[in-house]
């Protein structure tokens, strides 16, 4: 089987965690990694620095954000030394739209005889709003209090520029605005990934 790094990605509250966990439960030989697992460490950095906990702040952008991504990707690359699939649940908001970042990641994986699969969740913005309200997380406080400002800056467009026409598994769309879309997408994507085993 080809070793694979799966990035399950989309704007916040699109359903990444639920879908990532369900994929991890169904796939074989998979290591599941959630970037949110790093939040307690990030909160400590805010506290030690005497900064209010605000993941939309300049402090977070400068001192924490990119390091969370570096750490979670490094954990995944390490996991691929010992198992066939590493699945990361994280937004990768900027990274997923950067051909340079994606190509560098693919190069790292190639040196490990592994490949990249990006699973992009396609979810209606109003569905995202309702899910964010329902999950009631402190990471969303600013977003919900400033919803119009926040949502105007969120890019829901499909980052298709990273799609390699020579690789059927490098970029997959998972439609997730309804139960029917979820069931159909889960079945299709599991079938594709399991056929690669």
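Nothing in this text is a laboratory measurement; each read-out follows from the coordinates by a stated rule. Since this is a predicted model, take the numbers as computed values, not measurements. Neighbour counts run over all protein chains shown; Cβ positions are idealised from the backbone, glycine included.
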**OP:** Return only the number of the condition from (1) touching a residue at least 40 places away in the same chain (Cβ under 8 Å); (2) closer than 30 Å to residue 1 by Cβ; (3) in contact with a strand residue (DSSP E or B) (Cβ under 8 Å, 6 or more places away or on another chain) that residue 158 does not satisfy.
**Re:** (1)
Original post:
If you go through segment 49-82 one residue at a time, how many are under 26 Å from residue 144 (Cα atoms), free of Cβ contacts under 8 Å to residues at least 24 places away in the same chain and in a helix (DSSP H, G or I)?
Top reply: 9
Original post:
From the set of residues in segment 165-183 that are part of a helix (DSSP H, G or I) and within 20 Å of the chain's Cα centre (by Cα), which is surrounded by the fewest Cβ atoms within 10 Å (Cβ to Cβ)?
Top reply: 183
Original post:
Can you name the helices (runs of 4 or more DSSP H) wholly within segment 87-164 that have at least 2 residues being under 17 Å from the mean Cα position of the chain (by Cα)?
Top reply: 99-110, 125-135
Original post:
Restricting attention to segment 25-39, does a residue exist that is within 26 Å of residue 168 (Cβ to Cβ) and in a helix (DSSP H, G or I)?
Top reply: yes
